[in-house]
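Below is one structure; the comments refer to it alone.
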Amino acid sequence: MAETPVSGYSARTSQEDAMGRPKLVDTLTVRKFVNKTRSIIYGTMLGDSYIMSRGTGSALRVLHAEDQKDLVMHKYEIFQKVAPTPPRSFPHEKWGQPKWYFWTACDVEWQKVWSVFHQNCRTYRWNGQNVRYKVVTKQILKEIDDHGFAMWIMDDGNYTYGHQHRDPSKQMNVFRLHTNGYTFDETALIVRWLKDRYDVAATILNVTGKISGG
């Protein structure tokens, strides 16, 4: 998906930078955490999470709306060793409900993860700046296990029970994985991965990159 910087953070403490990202936790701890939980990190990066790229000041951000607060708390339970500041919320007028978020501590290891997901020069405009899209590669998908895939699904997937079939006398259950920020070729790669990894037959619905499998 496209990376989506979000503003509107609450007052920071003396142990946070200007974006509210924790400054503490040593590099060795972060490196061990990334190596141990790479699938989960990659799964949530394929979804909605975003890394602010600032060299040694890079950090990963998790953010969801109020109706996914439980997901934020679940992710924090996994990331809390490298995310010293608990989740917080701020009002979001556009969405009509608060947003919940947390940052990991700043570290160069997150810059390495950022580089894995931003290997091309495709950009979009946000707040007057060019921001890079994320990518999907075979190497990224190779790192995804069931837990990582579950993280991705909880971010960008939805399941419809009793979806109307083109034949009015029939219904079908449909799972969709929304991949709007990825290219058609990247989405096709995901389709092949779903078939190889889970024996799931998926269909690309349109060139914006939404795929579904029944």
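Key figures for this structure:
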item: Enumeration of residues in segment 92-112 that are touching a residue at least 40 places away in the same chain (Cβ under 8 Å), within 19 Å of Met73 (Cβ to Cβ) and open to solvent by 40 Å² or more (accessible area, probe 1.4 Å); result: His92
item: Failed condition for Lys210, given (1) closer than 18 Å to His147 by Cα; (2) at pLDDT below 80; result: (1)
item: Count - residues of segment 43-72 that are in contact with a Cys (Cβ under 8 Å, 6 or more places away or on another chain) and buried (at least 20 other Cβ atoms within 10 Å of the Cβ); result: 2
item: The one condition in (1) modelled with pLDDT of 85 or more; (2) charged (D, E, K, R); (3) farther than 17 Å from Tyr133 by Cα that Glu16 fails to fulfil; result: (1)
item: From Asp199, Asp185, residue being more than 15 Å from the chain's Cα centre (by Cα), modelled with pLDDT of 85 or more and at positive phi; result: Asp199
item: Long-range neighbours under 7 Å by Cβ, at least six apart or interchain, first residue in a helix (DSSP H, G or I) within segment 56-81, second among the small types (Gly, Ala, Ser); result: Tyr76/Ala83
item: Residues (open to solvent by less than 10 Å² (accessible area, probe 1.4 Å) and outside any helix (DSSP H, G or I)) located in segment 82-91; result: Ala83
item: Pairs where the first residue, in segment 178-205, is in a helix (DSSP H, G or I) and the second is among the polar types (S, T, N, Q) and crowded, with 19+ Cβ neighbours inside 10 Å, C-beta under 8 Å, 6+ apart; result: Glu186/Thr179; Thr187/Thr179; Ile190/Thr179
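The values are calculated or read from the model by the stated rules, or taken from the named source; none is laboratory data. Here the structure is a predicted model, which is why all the values come from computation and not from measurement. Counting neighbours? That spans all protein chains shown, and the Cβs are built from the backbone with ideal geometry, glycine included. Accessible surface is based on the protein model in full, side chains and every heavy atom, while ligands, DNA and RNA are left aside. Shrake-Rupley method; radii C 1.70, N 1.55, O 1.52, S 1.80 Å.
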